[in-house]
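Okay, structure first, notes after.
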Amino acid sequence: MSSHAKGIAIVLAPEDGESFWQPLPSRGYVINKINPYTSPYDDFSIGIQVLEPGAHIRRHGHERSHEILFCFRGAGSAEIDGKSYEVREETIMLIGRGLPHKITNTGAEQMRLMWLISPPGLEDWFRALGRPRQAAETSPPVFERPANIKQIQALQRFIPSD
């Protein structure tokens, strides 16, 4: 018998998790997959973000978190700390805390990104910013960010830059 402690396994189907439509300019949705609210692990959060063609994630930085992004569908560009990078399927990006970054879908199809952030918190950002989404639901009309966005950014320890 092994004396090593065992963790747990979590297996999620594509639409499993709390999902939110995102405001302009992101146009798309996120699914918060694993985070401290849904698992016993409190060191990270992981999820999926879908960007429609022409949409982008605004330039921002994380005051205390490191982020990994993995593009598993689509194509676009990334600007990280003033440098530009091509993003295509199987591109992985490690973005350290404090580094301003922006992701743009320049392709003709959805860009699908897996994000992992440590320490966690991105799941709270998406919840505060977005509108609840159900699987197979059609996209709602585009909508703007909440009026109290500066307060949300401060609470989530975002470093806004545009």
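Tabulated results
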{"read-out": "Residue within region 19-29 that is out of contact with any Pro (no Cβ under 7 Å at 6 or more places or on another chain), open to solvent by 30 Å² or more (accessible area, probe 1.4 Å) and modelled with pLDDT of 95 or more present", "value": "no"}
{"read-out": "Breaking point among (1) more than 21 Å from residue 16 (Cβ to Cβ); (2) open to solvent by 80 Å² or more (accessible area, probe 1.4 Å), for residue 138", "value": "(1)"}
{"read-out": "Filtered residue count, region 62-103, keeping only those that are touching a residue at least 40 places away in the same chain (Cβ under 8 Å), within 18 Å of residue 121 (Cβ to Cβ) and among the basic types (Lys, Arg)", "value": "1"}
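The values are calculated or read from the model by the stated rules, or taken from the named source; none is laboratory data. Because the structure is predicted, anything quoted here is derived from the model rather than measured. Every residue, glycine as well, gets a Cβ built from its backbone with ideal geometry; the counts of neighbours run over all protein chains shown. In case anyone asks, the SASA skips ligands and DNA or RNA and just uses the protein heavy atoms, side chains included. Shrake-Rupley method; radii C 1.70, N 1.55, O 1.52, S 1.80 Å.
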